[in-house]
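Participant: Let me begin by handing over the structure; questions about it come next.
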Amino acid sequence: MQIWPGQPYPLGATFDGVGTNFTLFSEVAERVELCLFDDSGQESHVDLPEQTALCWHGYLPNVQPGQRYGFRVHGPWAPDQGAWCNPAKLLLDPYSKAIDGSWNWNEAMFPYQFANPEDSKNDLDSGPFVPKSIVINPFFDWGHDRRPNTPWHRTIVYETHVKGFTKTHPDLPEELRGTYAGMAHPISIRYLRRLGVTAVELLPVQQFVQDSTLLDRGLRNYWGYNSIGYLAPHHEYARGQRGGQVQEFKQLVKAMHEAGIEVILDVVYNHTAEGNHLGPMLSFKGIDNAAYYRLMPDNRRYYMDYTGTGNTLNMRHPHVLQLIMDSLRYWVLEMHVDGFRFDLAATLARELHDVNRLSSFFDLIQQDPIVSQVKLIAEPWDIGEGGYQVGNFPPLWSEWNGKYRDTVRDFWRGSDQTLAEFAYRFTGSSDLYQGSARQPNASINFITAHDGFTLRDLVSYNEKHNAANGEDNRDGENHNRSWNSGEEGPTGNPAVNALRARQTRNFLATLLLSQGVPMILGGDELGRTQNGNNNAYAHDNELSWYDWSHADTSLVEFTSRLIRLRHRHPVFCRRRWFQGRPIHGSQVSDIGWFTPGGTEMSEEDWQAGFAKSLGVFLNGRAIPTPNERGEQVIDDSFYVMFNSHHEPVEFRLPEQKWAEQWAELLNTAADTDFLTEEQLGPEHAAGKTMQVQPWSLILLRRLS
């Protein structure tokens, strides 16, 4: 087999229209074999002939897209020193742009791909059993594709799962359910547009593999936080030919963009699927273990683990940083995605043990002309010491605001707390972000996410019910800040069910009226339940998939109307912080906080831990805001009355200077609302007393 020297960059397999250049980084390798597989599984191999700057490379003419390949790395076997080179193990290319889905991940292959925890090599050949990398066709007709570039303050995120969203949809062709093509289908797009969301945040679609421990229990990794290919779309969500997942994912992005919807990827750059020293040898571990992973300094056989998954990527190594940055740029430039949500992002910031928000990774993001211009979202915690870093990320970043989630949950279940905490969260959490030159869009507000209860379960269960996970209910969060509304789980009690419906509306209304960027857990608007399971990562089945046949259509419509209200009125999604003082051209301040008695809140009122009721005035008319065409829009003003007390509370509306007349748009304790604004609700004059029912809110719009 003829092989030419080729080029050291770009890394990975690059088809140029004639042949393919292969290159692999390894500073410990003494020899690297490129292994090619035909359709029958027959392997041929050739040494990469050149090494340049620690990269082994070679060019094979006539190697075309669809070719399956892998590497065998010859080098030191010294586990105590962190070296695991073993040519018996076929290794995936870290820069694979597609990974073969024809392999069968089962118990028969496990002995072949695991590293030996002892000092002797496991010489069983893993080649016939492990996944292979695929040379892809990089060409795609993007047509006139343009990114929506939705401004952060106008963004509404919908966290969803490619397979779960489509798997049981009765109106989709059966062969498209659970696939990229199903998500790109006009029926799926039409639903998202009708709902009104501006971005889908997809649970991991980078190639991941199944965990043997789950397969042993008859379960599968559903969420996908077990990555092995950072440039490869996951093969199980594709329906076409080998390597077709790349084209199908691009078509999904193109279809979303045509509908004005952004695509944000949940990415897992903190660890890989290779686990700890007992885990499988699939790629990085056999290529250059000490370069790719953080190792224990006193015994380099073992791994530092800030993620709870067995290993942590070594963000201090330049080639690991290069891999991640190359991956991010690839997804932006070649796949046209609009942003990223970084799983356990605090891990990425660890230089030594402590979290350093100015670490090398964030410096690279800051200066990168491509990645710095897309949406960047951090999950600002990991399980290591000092890992909870909400509010501490650099100015470019938005963050999943865990404090928003906890505070709003506590408020609506009636927990004693200071109202000041709730007020900060409702207005964008300036206490967390304003000091670092960030605006309200730094706060990604959410009530529920994939990890935890669904919204329906949040109001239906006090305790987690994770027996189906096979871990004796030990897994998952124990402190959920949930309330079952009086009975645990499903009930025929109409009073309990009515309260649950009200609380659901309370949560959705609070989320979509808050400053910051709202994130809706996909399926919450359908009334989706996981039967009290708050850790459904292992359920690639009906427990996790959307149950379209039992969708709560009235809740879908309620959510859609709330979203339209937010889109219409910039006061709910301001670019800048409220100042709490009079603004030129207005007699009153841009925001006002009131006791139920109609007087402005005093310091003593703010600190009353037992208080569970307050009102807030949002002055829209004082804040001219340009719309998407650059025209000035003078918006309406609103008053929201919150009552999380278990009894009705009398609210007196503020005096006339705030408004002379109000119209009721929403009362979560009522059966109807007026969010469409096609017909205004009951009118109320300044100073009038109104009764707000237990666990409910009322939204008023100023008329004059």
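The values are calculated or read from the model by the stated rules, or taken from the named source; none is laboratory data. Computed from a predicted structure; not experimentally measured. Please note: Cβ atoms are built from the backbone with ideal geometry, for glycine as well, and neighbour counts cover all protein chains shown. Note: areas computed on protein heavy atoms with side chains; ligands, DNA, RNA excluded. Shrake-Rupley method; radii C 1.70, N 1.55, O 1.52, S 1.80 Å.
Participant: Please tell me if GLY286 is touching a residue at least 40 places away in the same chain (Cβ under 8 Å), open to solvent by 10 Å² or more (accessible area, probe 1.4 Å), within 30 Å of GLN64 (Cα to Cα) and over 24 Å from the mean Cα position of the chain (by Cα). Don't jump to the end; show me each part of the working.
Facilitator: Working: touching a residue at least 40 places away in the same chain (Cβ under 8 Å): yes; open to solvent by 10 Å² or more (accessible area, probe 1.4 Å): no; within 30 Å of GLN64 (Cα to Cα): yes; over 24 Å from the mean Cα position of the chain (by Cα): yes.
No, not satisfied.
Participant: Still on this structure, I have one more. Which of the residues spanning the range 409-445 are surrounded by fewer than 23 Cβ atoms within 10 Å (Cβ to Cβ) and either part of a strand (DSSP E or B) or charged (D, E, K, R) (or both)?
Facilitator: The answer is ARG409, ASP410, ARG413, ASP416, GLU421, ASP431.
Participant: For the range 160-215, give me every one of the helices (runs of 4 or more DSSP H) that falls completely inside it and has 3 or more residues that are surrounded by fewer than 24 Cβ atoms within 10 Å (Cβ to Cβ).
Facilitator: Answer list for the range 160-215: 186-195.
Participant: Consider the range 446-472. How many of its residues are assigned to a helix (DSSP H, G or I), open to solvent by 40 Å² or more (accessible area, probe 1.4 Å) and either free of Cβ contacts under 8 Å to residues at least 40 places away in the same chain or among the aliphatic types (A, V, I, L, M) (or both)?
Facilitator: Residues flagged as assigned to a helix (DSSP H, G or I), open to solvent by 40 Å² or more (accessible area, probe 1.4 Å) and either free of Cβ contacts under 8 Å to residues at least 40 places away in the same chain or among the aliphatic types (A, V, I, L, M) (or both) within the range 446-472 amount to 2.
Participant: If you take the residues of the range 22-58 that are of a type in the set (Gly, Ala, Ser) and part of a strand (DSSP E or B), which of them is surrounded by the fewest Cβ atoms within 10 Å (Cβ to Cβ)?
Facilitator: Within the range 22-58, the match that is surrounded by the fewest Cβ atoms within 10 Å (Cβ to Cβ) is SER44.
Participant: For the range 383-406, how many residues are surrounded by 22 or more Cβ atoms within 10 Å (Cβ to Cβ) and part of a helix (DSSP H, G or I)?
Facilitator: So the answer is 1.
Participant: Pick out the one residue from HIS336, HIS277 that is of a type outside the set (Asp, Glu) and either within 23 Å of ILE370 (Cβ to Cβ) or modelled with pLDDT of 95 or more (or both).
Facilitator: The unique qualifying residue is HIS336.
Participant: Could I ask something else about it? Looking only at the range 671-704, which residues are open to solvent by less than 40 Å² (accessible area, probe 1.4 Å), modelled with pLDDT of 95 or more and not in a strand (DSSP E or B)?
Facilitator: ALA686, GLY687, PRO694
Participant: Considering only the range 254-264, state which residues are surrounded by fewer than 23 Cβ atoms within 10 Å (Cβ to Cβ) and closer than 18 Å to LYS97 by Cβ.
Facilitator: Across the range 254-264, the qualifying residue is only LYS254.
Participant: Hey, could you check the range 6-15 for residues that are closer than 22 Å to ALA232 by Cα and in contact with a Pro (Cβ under 9 Å, 6 or more places away or on another chain) and say which is most open to solvent (accessible area, probe 1.4 Å)?
Facilitator: Only one residue tops the list, namely THR14.
Participant: Could you identify the single residue in GLY6, GLY12 that is of a type outside the set (Lys, Arg) and either more than 18 Å from VAL320 (Cα to Cα) or modelled with pLDDT under 95 (or both)?
Facilitator: Working: GLY12 fails: either more than 18 Å from VAL320 (Cα to Cα) or modelled with pLDDT under 95 (or both).
After ruling out the rest, the residue left standing is GLY6.
Participant: Can you pull out every residue in the range 631-670 that is among the polar types (S, T, N, Q) and either in contact with a strand residue (DSSP E or B) (Cβ under 8 Å, 6 or more places away or on another chain) or open to solvent by less than 10 Å² (accessible area, probe 1.4 Å) (or both)? Walk me through it before giving the result.
Facilitator: Keep residues of the range 631-670 that are among the polar types (S, T, N, Q), which gives 632, 637, 643-644, 656, 661, 667-668.
Scanning the range 631-670 gives GLN632, SER637, ASN643, SER644, GLN661, ASN667, THR668.
Participant: Would the range 106-124 turn up any residue that is modelled with pLDDT of 95 or more, open to solvent by less than 20 Å² (accessible area, probe 1.4 Å) and touching a Gly at 6+ places or on another chain (Cβ under 9 Å)?
Facilitator: No, the range 106-124 has no match at all.
Participant: In the range 130-159, how many are surrounded by 18 or more Cβ atoms within 10 Å (Cβ to Cβ) and at positive phi?
Facilitator: Of the residues in the range 130-159, 0 are surrounded by 18 or more Cβ atoms within 10 Å (Cβ to Cβ) and at positive phi.
Participant: Okay, moving on. Looking at the range 473-495, which of its residues are without any contact (Cβ under 8 Å) to a residue 12 or more places away in the chain and part of a loop (DSSP other than H, G, I, E, B)?
Facilitator: Of everything in the range 473-495, those that are without any contact (Cβ under 8 Å) to a residue 12 or more places away in the chain and part of a loop (DSSP other than H, G, I, E, B) turn out to be ASN473, ARG474, HIS479, GLU487, THR491, GLY492, ASN493.
Participant: Separate question: Looking at TRP400, is it touching a residue at least 12 places away in the same chain (Cβ under 8 Å) and either over 29 Å from ASN619 (Cα atoms) or of a type in the set (S, T, N, Q) (or both)?
Facilitator: Considered against the rule, which asks whether it is touching a residue at least 12 places away in the same chain (Cβ under 8 Å) and either over 29 Å from ASN619 (Cα atoms) or of a type in the set (S, T, N, Q) (or both), TRP400 comes out as no.
Participant: Assuming GLN373 fulfils every condition listed in (1) open to solvent by 20 Å² or more (accessible area, probe 1.4 Å); (2) at pLDDT below 95; (3) of a type in the set (S, T, N, Q) apart from one, which condition is it?
Facilitator: Single failed check for GLN373: (2).
Participant: Among TRP593, TRP577, which is among the aromatic types (Phe, Trp, Tyr) and in a loop (DSSP other than H, G, I, E, B)?
Facilitator: Numbers: TRP593 fails: in a loop (DSSP other than H, G, I, E, B).
Of TRP593, TRP577, the one residue that is among the aromatic types (Phe, Trp, Tyr) and in a loop (DSSP other than H, G, I, E, B) is TRP577.
Participant: Would you be able to say whether some residue in the range 289-310 is of a type in the set (D, E, K, R), over 19 Å from the mean Cα position of the chain (by Cα) and assigned to a helix (DSSP H, G or I)?
Facilitator: no
Participant: A further question follows. Kindly indicate whether any position in the range 583-593 is of a type outside the set (Val, Ile, Thr) and at pLDDT 95 or above.
Facilitator: Yes: one or more hits.
Participant: Just the residues that are polar (S, T, N, Q) and over 24 Å from the mean Cα position of the chain (by Cα), please, taken from the range 455-472. Spell out the reasoning first.
Facilitator: In the first step, residues of the range 455-472 are kept if they are polar (S, T, N, Q); the result is 460, 462, 466, 469.
Result: SER460, ASN462.
Participant: Mind telling me which of the residues THR529, THR559, THR510 ends up being among the polar types (S, T, N, Q), within 25 Å of ARG341 (Cβ to Cβ), open to solvent by 10 Å² or more (accessible area, probe 1.4 Å) and at pLDDT 95 or above?
Facilitator: Testing whether each residue is among the polar types (S, T, N, Q), within 25 Å of ARG341 (Cβ to Cβ), open to solvent by 10 Å² or more (accessible area, probe 1.4 Å) and at pLDDT 95 or above leaves just THR529.
Condition check ((1) open to solvent by 10 Å² or more (accessible area, probe 1.4 Å); (2) of a type in the set (Val, Ile, Thr)) across all residues:
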{"position": "ARG300", "(1), (2)": "yes, no"}
{"position": "THR309", "(1), (2)": "yes, yes"}
{"position": "HIS317", "(1), (2)": "yes, no"}
{"position": "LEU328", "(1), (2)": "no, no"}
{"position": "ASP338", "(1), (2)": "no, no"}
{"position": "LEU348", "(1), (2)": "no, no"}
